[in-house]
Amino acid sequence: MTIIANKRFNGALAVFGLGLLAAYLHPYRTHPYRSYYQDALVLLGLSLAWALTIYQRRCMRLSSLLVLPLILLLLLSLQLSLGLIPGAGALSFPVLYFLFLILALTLGSSWADQPDGADKICLSLALAHLAAGLISVALQCVQLAGLDATPFVMGIAHNAHTFLRPYANVAQPNQLALLLCLALASLWWLHQQGRMHGRAVLALAATLLWGLALTQSRIGWIIVPAFAVLCLMPVAAGRAVSRVGMSVLVLLYAAFVLGLPYLAQALGFAGGSLAEHVGGRSERMALWQQAWRMAAQHPWLGVGWGGYGAEQVKIAADFSAGTYAEHAHNLILNFAAELGWPATLLFIGGLGWWLWQTCVLPAQSPTLRFASLCLAAVLVHSMVEFPLWYAYVLIPVGVLLGMLHQLRWPAAGVRVGVEPAAAIAALVLAAALGWAISWDYRRVVQGFRALGQELAGYQVAPESMQMPAYTLFPQFYEYFRLMKVVPRAGMAQDEIAYVERWSRRFGFVHILNKLAEVYVLNGQPQQAGRVMLTLQRLHPFDYPEYYDYWQAKAALDARYRVVFQRMPSREAP
């Protein structure tokens, strides 16, 4: 029976790891949720792993760590009841992700509660991340060479002047950089376990560092030296790491980073120097300043979960030019802006204490150090972006957190029995729910395609963009309706209010221009002028095109002329 149980346990971890690997390698991306199918693969792997685990041991370990997502869910419910969140539909995905986070935390604790469970968790995560990282570097080289390998490799636009940042099938260079850093941590752990030796480790590490340099992501400049220091620190029952070998790898990465601009120039691209990359325009600074303003104006409960983008549209005119975003690109500031300072400080303090208790105080082992490396990489990335908003990052982190909690407090928590029949029923229900959500999302994707065809001059079935009776994505059907609004004089006040409301939710350049035209044609030139200033602040690279449009309109219409005379210059920074 023990052998069979071990096989089922190993099978659960293998399914989870394969789901994670598939998420990183899946090339299909759709608008509006670019990572929908990637996240779905991770959640599918987690669900199947849970079912296999229940079938193996018929119980789950629940730890006090579950309090964190439960408190966040209660806080979101409070915000919804107070009107800070515009409708329950806006909470469908956050609630779903928090529920899966609870499942990941529970599985991490339950798996670590088994013999050699923590090591097996690390093996599953290490193999998945290392395989995904190495394959992604190969895909980067395919993209860099300009080869058409669709549908297996995502296409990437080649600019005749700018050296591209290949992103493999992860679709975003900084997200790929995080994956490659996690792959480096995985390589170290496999070396510590005696599963990989000497020259193979150096060769694979050099390959990953080359891919990391190709992303041109600055998080690598922090994570690689930090990893070098942490990996050189001794661990109990671990293998010694060569200081010379580690120094060679760090210097090799520095050479890749410093030499990449020269390689770009040799290939005929305009490759900026490292100094230009460091001192270039920082859009994040404006995002952080805006988040700080939101937190200062709404200190107790914030602007509401997911409300950063809408609030940014309201206040962007008061800041220097940056970019339109739906996140602050900093975990702490995003929490402060959307949840308020009390919840944020409680979160930071609690997380800091917990990390000290689980990662610093205990005797260091390869397993503990591997988890610390992974969490450090994610935390560094979370200071400049929002990786935890993706399930293929959030779920592995949740499993590691559950594992660490169980290792630190093995006698804490409670075991809850679960019958296999109940697990099967829950899995069937989850599968049906997943199919329904995907079918609902597919309707939204088809709606965007129909909208694109309509804008291109083709006739489409109007029902494809009409809101169905039941949907988890009502906001996108409001976007379709908003796109059909034509600015004109004499609009009713409720029509203007509708455009105002949804223009804040969808602060894209064409939507803001539409709002400005609604204002100017309905006797509100001051509001129109502020919207055009907002447009310039959030979309500075697109602004010249709209400046020319308003200049042409101003030559024909005095109403436009009043606003145009107060607009920022065409080349405004």
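Read-outs throughout are calculated quantities, based only on the coordinates presented, and are distinct from any laboratory measurement. None of the values given here were measured: they were computed from a predicted structure. Note that each Cβ is placed from the backbone with ideal geometry, even for glycine, and that neighbours are counted across all protein chains shown.
Based on the mean of other Cβ atoms within 10 Å per residue, sort peptides 66-73, 284-291 so the most packed one is first.
284-291, 66-73
Which chymotrypsin sites (Phe, Trp or Tyr not before Pro) in segment 107-167 sit in a loop by DSSP (not H, G, I, E or B) and have at most 13 other Cβ atoms within 10 Å of their own Cβ?
Listed in order of number, the matching sites are Phe152.
Could you calculate the contour length gain from Asp119 to Met285, that is, 0.36 nm times the residue separation minus the distance between their Cα atoms, to one decimal place in nm?
In short, 55.7 nm is gained.
Is the shape of segment 485-564 rounded, prolate or oblate, going by the alpha carbon gyration tensor and its root eigenvalues a ≥ b ≥ c, with a/c under 1.5 for rounded and a/b larger than b/c for prolate?
The shape class here is oblate.
Kindly express, to the nearest 10 degrees and within the range 0 to 90, the angle between helix 117-144's C-alpha long axis and the longest C-alpha principal axis of the chain.
50
Net charge near Val486: determine it from the other residues with C-beta under 10 Å of the C-beta of Val486, scoring Lys and Arg +1 and Asp and Glu -1.
Taking every Cβ under 10 Å from that of Val486, the sum is +2.
At a Cα cut-off below 21 Å, give the lysines reachable from Lys514, other chains included and same-chain residues fewer than 8 away excluded.
By straight Cα distance, Lys514 reaches Lys314, Lys484, Lys553.
Residues with beta-carbon under 11 Å from that of Ala12, excluding Ala12: net charge, scoring Lys, Arg +1 and Asp, Glu -1?
+4
Amide H neighbours of Met383 under 5 Å, counting only residues 5+ apart in sequence or on other chains, H built in-plane at 1.01 Å?
Leu331
Which peptide among 439-449, 118-128, 183-193 comes first, and what is the full order, when sorted by highest mean count of other Cβ atoms within 10 Å?
183-193, 118-128, 439-449
So which lysines pass the test for Lys7, namely a Cα distance under 30 Å, with those fewer than 8 places away in the same chain ruled out?
Cα-Cα hits under 30 Å: Lys120.
Please compute the net charge surrounding Gly413, taking Lys and Arg as +1 and Asp and Glu as -1 over other residues with Cβ under 13 Å from its Cβ.
Counting the neighbours of Gly413, the net charge comes to +2.
In degrees from 0 to 90, rounded to the nearest 10, what is the angle of the helix 341-355 Cα long axis to the longest principal axis of the chain?
20
Hey, with R₀ at 30 Å, roughly what FRET efficiency would Leu263 and Ala226 work out to, going by the Cβ-Cβ distance, to 0.05?
0.70
For Cys59, list long-range residues whose amide hydrogen, built 1.01 Å from N in the peptide plane, is under 5 Å from its own amide hydrogen.
Distant-sequence amide H within range of Cys59: Val418.
Relative to the longest principal axis of the chain, what angle (0 to 90°, nearest 10) does the C-alpha long axis of helix 173-192 take?
With both axes taken from Cα atoms, the answer is about 0 degrees.
Over segment 421-480, what per residue volume does the convex hull of the Cα atoms give, in whole Å³?
It is 73 Å³ per residue.
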